[in-house]
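To start, the structure itself, in structure tokens.
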Amino acid sequence: MDLWFTNIANYIVQLLMSWGFPYFWADLILLLIQWMCVLAIVVLDVIILIWLERKAAGFIQMRLGPNRLGPFGIFQTIADAIKLMTKEDIIPNKVDKWIFLTAPLFMIFISVMLYLVLPIGEGLAVVDLDVGLLYFLSLSSLTTICVLMAGWGSNNKWSLMGAMRAVAQMITYEVPLILSLLGIVMITGSLRLSDIVAAQSHVWLIIMQPLALICYFIAATAELNRGPFDMPEAEQELTAGAYTEYTGMRWALFFLAEYTNLVAVSALFVCLFLGGWHGPFLPQWLWIPVKTYVVICVFFWIKWTFPRIRMDHLMSFSWKVLIPLSLLNIVLTGFGIEIFAWVRGL
Amino acid sequence: MAYGLGLLKGMWVTLKHTFEKKYLVVQYPEQRPVLQERFRGTLCFRFENCIACNLCVNSCPNKVLSLDVAKAEGGNKRKLMAYVIDMQYCMYCNLCVESCNSSALYWNKEFEKSTFDKESIKIIYERPRYMDELEAQREAEKERIRQEKAQAVSAKKDTVGESEISAGPSVAEQPKEILAELAGSEENIAILLQVLAKNTVTHDKLLQMIDSDMEKAKKVALALVRKALKDRHEGGKE
């Protein structure tokens, strides 16, 4: 059961080669199919997640959430998507046209690219890069540029302020995010995500790196512009931040990208700390989604519990608390590795 | 050393709410909201009660109300032709209802007032057909009572003599029609008489009023009944 998808992929390649395609082309076509699958997963995920978030928000606030369309309102998001797609695509007069128009496209493109290195099961990553973690982190910080493009191109003070906040926040929280993951790289000795997951077959890294876990979780919340750290689109102050001028499908693309990022970061969290595909009973490719959704629910829980934090507090929290903590974690991990090696040598 | 404990406490609170039974939300179209007794839904108008005094129109801060008045033929009496409530400007301040002397205005609990165009939100009360007849009846009734009273007074003059008119008989001995006009229902009459039996000064004043100014007497009687009812109500509560 673990190998269903690998078998399907092998079968497709063999089928194509039996039709006379050379191996290169067969592999390329397989890659395209995988891309399509990733896109389908992303869209499906976002549709479910928006519904789930609204439902969770409702439950936390003692409401019922969407419950009109379909059982438990499950078709609400689909109706919203149809509405957004049929809406007029308004381009304000004085925007910087090309930047304004391409920002959401870049954003969704980059977000989907994050999924290429995520291992869904053993050997089930689209591309299993040997610098997968580095690739993931560098790409996820690229989305900031799209937010800045949107804010700058909109030619609107709120948008620009939102974008500036996003950039400041991203630069600030990128540092503890990466520093907190260094401990994991030190322990596993690899930047390849499937190696990191494979190293957790006995002990999940959540037990070995609790400090890194907390640092990563907080920094990731800030990176995603979510929860108490959603300063870039603080609707009470900046209407919708960088997305103020966007309507219809372009706005929906930003929304899609945000949730795509959420899933990607949660999946990375699962791969790094929660043992990835390792787990009893269920097949490998089912464990990752299950764990990811649990992590996402915690993100929702945090978002709908805490009020938004002030911008300067946000900054000082990262520089004064998170970065020292993650540096401390690196030092502790180094000592731990040395001590472990010494004990083993005895 | 207790960093983050407050956060955990907050998350515990929201977690508890997440699995609580959701009783706060009324599933509106299927479940109807429970409206309070004094809920102000739509302003309503009783055409029969209106005396076209214009007080409500003057009291309205938003010019919601308007009267269409005609003078009755052969006389100076104002005759109400139509009453218009432009609900879109109403701010539910209740001033018109408070100002109305003849309780022609009241609130009902109808709150679904959306319409497709601006005009149809206006509530227009046209003069009903039976109004002419009703007014004629009332006029006749008044006339009859006035005559009866005059007869009674003249009869009294004959028997008792002119000096004792003001001291006259008690209110309880007045003709039934007068009592009915004073207090309305049988119950109210009983209450009124109880009150008057306790207080002879009021009794005498009211008696004089019946002779001199029936309208004023009516109001006084009504106020007395209301006060008695209120006292009784409050006493019952305690």
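The values are calculated or read from the model by the stated rules, or taken from the named source; none is laboratory data. Everything numeric in this text was worked out from a predicted model, so none of it was measured. Virtual Cβ from ideal backbone geometry, glycine too; neighbours counted across all protein chains shown. When the accessible area is computed, the model is the full protein with side chains, heavy atoms only, and any ligands, DNA or RNA have been set aside. Shrake-Rupley method; radii C 1.70, N 1.55, O 1.52, S 1.80 Å.
Summary table below
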{"item": "Cα gyration tensor category, rounded, prolate or oblate, for region A:90-345 with a/c compared to 1.5", "result": "prolate"}
{"item": "For B:Lys109, residues with placed amide H under 5 Å, excluding near neighbours", "result": "B:Thr42"}
{"item": "Chain B shape via C-alpha gyration tensor axes, a/c threshold 1.5", "result": "oblate"}
{"item": "Between region A:59-113 and region B:179-238, the Cα center-to-center distance that results, in Å", "result": "69"}
{"item": "Share of carbon and sulfur in the accessible heavy-atom surface of chain A [1.4 Å probe, %]", "result": "73"}
{"item": "Modelled FRET efficiency - R0 56 Å, A:Gln61 with B:Gln147, Cβ distances, 0.05 increments", "result": "0.20"}
{"item": "Rounded Å value of the spacing that divides the Cα centres of region A:123-195 and region A:1-44", "result": "29"}
{"item": "Residue-normalised accessible area of region B:169-238, given per residue in Å² at a 1.4 Å probe", "result": "66"}
{"item": "Rounded if a/c under 1.5, otherwise prolate or oblate - region A:284-334, Cα gyration tensor axes", "result": "oblate"}
{"item": "Given charges at Cβ of Lys, Arg, Asp, Glu: chain B dipole, positive-most of B:Pro175, B:Phe116, B:Cys44", "result": "B:Phe116"}
{"item": "Chain pair A, B: total accessible area buried, heavy atoms, 1.4 Å probe, Å²", "result": "1300"}
{"item": "For the protein assembly as shown, Cys with no neighbouring Cys Cβ under 4.7 Å", "result": "A:Cys37, A:Cys146, A:Cys215, A:Cys271, A:Cys297, B:Cys44, B:Cys50, B:Cys53, B:Cys60, B:Cys90, B:Cys93, B:Cys100"}
{"item": "Cut-off of 10 Å, at most 11 other beta carbons, DSSP loop: longest stretch of chain A lacking such chymotrypsin sites (Phe, Trp or Tyr not before Pro)", "result": "A:20-280"}
{"item": "Assigned charges on the beta-carbon of Lys, Arg, Asp, Glu; chain B dipole about Cα centre (debye)", "result": "1080"}
{"item": "Minimum 40 Å² accessible area buried by the other protein chains, region A:279-301 residues, probe 1.4 Å, relative to alone", "result": "A:Trp301"}
{"item": "Positions from region A:41-67 whose accessible area shrinks by 50 Å² or more when the full protein complex is built, not the chain alone, probe 1.4 Å", "result": "A:Phe59, A:Ile60, A:Met62, A:Leu64"}
{"item": "Student exercise, the protein assembly as shown dipole from Lys, Arg, Asp, Glu Cβ charges, in Debye to nearest 20", "result": "780"}
{"item": "Inter-label distance, nm, simple model (7 Å from Cα along the C-beta direction), B:Asn58/B:Lys16", "result": "5.8"}
{"item": "Accessible solvent surface per residue of chain A, calculated while the other protein chains remain in place, 1.4 angstrom probe, Å²", "result": "49"}
{"item": "Hz values of 3J(HN,Hα) by residue in region B:47-52 - Karplus curve (6.51, -1.76, 1.60), Gly and Pro given as x", "result": "5, 5, 7, 5, 10, 6"}
{"item": "Axial C-alpha extent at least 24 Å, average Kyte-Doolittle at least 1.0 - helices from chain A (DSSP)", "result": "A:23-60, A:97-113, A:132-154, A:157-188, A:248-273, A:284-303, A:323-345"}
{"item": "Protein accessible area in chain B, 1.4 Å probe - carbon and sulfur %", "result": "55"}
